[in-house]
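The structure appears below as structure tokens.
Read the figures in this text as sums done on the coordinates, not as results from a lab. Since the structure is predicted, the reported quantities are computational estimates derived from the model, not experimental observations. No Cβ is skipped: glycine too gets one built from the backbone with ideal geometry, and neighbour counts run over all protein chains shown.
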Amino acid sequence: MNALNRIIVVLMLLVAIPLCNVLLITPVELARLIQSASNTAIETLSQIRPEIRYGVGILLALVLDALLILWLLFEVRPPRRIVRVPAVSGAIVAVAVDSIRERLKYHLDQLADVIEVHPRVIPHREGLRVELDVLTTPEIEVPSKAQEVLQMARVVVEDKMGLRLYGQPVVRIRHAPYPKGGARPTPPTAHESRG
């Protein structure tokens, strides 16, 4: 639904920008054009029999209202807070999204050089989408630490909780600031830069 909202907002902005420009630059010409178009529309619509005009109008209004109400329901419904565990046979087992988030946070906080973790768990029909915001010490090797975080997230979600991941987990690493007034870090050697 977020993707659809973004598309609609982008389309509205693409329409609003030129429309505002035309409205502000040529307001009189635009008003004349609207007046001429509305006179033409009135003449055309008045030639249609009223029962047909009202019938089609009511039908289109009902369809549009139904679509807008569905869209509104999708927007205001609360997100799913429970995820079913597919690996259990003979019973329906569900886990709260908050529990998954807390378990990820607990296990990822235990990793070396990880200061703080903020997991985001988004349920999908095919599994869980996991996004991790990780604050680390400043001198970590990003690729190896990202791999370690990913591996631990997979173990927690798939092995320990019996859930499926949907797509690739997202890991956003942010370094804590270097201590002020401390010794400056040594630059990597030429061999370390290439390796």
Worksheet entry | Candidate aspartates and glutamates for bridging to K145, where Cα separation is under 12 Å - those fewer than 8 sequence places away on the same chain excluded | D113
Worksheet item: Using a Gaussian network model of the chain with C-alpha springs under 10 Å, which one of A91, A31, A146 is most mobile by mean-square fluctuation?
Response: A31
Discussion item. Can you sort H107, H124 from fewest to most other Cβ atoms within 10 Å of each residue's own Cβ?
Written reply: H124, H107
Response to the item:
Within the set P86, P119, P143, GNM on the chain using Cα springs under 10 Å gives the largest fluctuation to P143
Discussion item. Using 0.36 nm times the number of residues separating S99 and I82, minus their current alpha carbon distance, what extension gain do you get?
Written reply: 5.2 nm
Item to complete: Could you please rank K105, K145, placing first whichever residue has the fewest other Cβ atoms within 10 Å of its Cβ?
Response: K105, K145
Worksheet item: So what's the back-of-envelope 222 nm ellipticity for the chain, counting only DSSP H runs of four-plus at -39500 (n - 2.57) apiece and dividing by all residues, rounded to 500?
Response: -17500 deg cm²/dmol
Discussion item. Which of G90, G162, G127 ends up with the largest GNM mean-square fluctuation for the chain, with Cα atoms connected below 10 Å?
Written reply: G90
Discussion item. Could you check the spin-label model distance between L60 and A176? Points 7 Å from the Cα along Cα→Cβ, value in nm.
Written reply: 6.3
Worksheet entry | Calculated diffusion of the chain, Stokes-Einstein form, Kirkwood radius summed over Cα pairs, 37 °C and 0.692 mPa s, µm²/s | 142
Worksheet item: Among I17, I100, what is the fewest-to-most ranking by other Cβ atoms within 10 Å?
Response: I17, I100
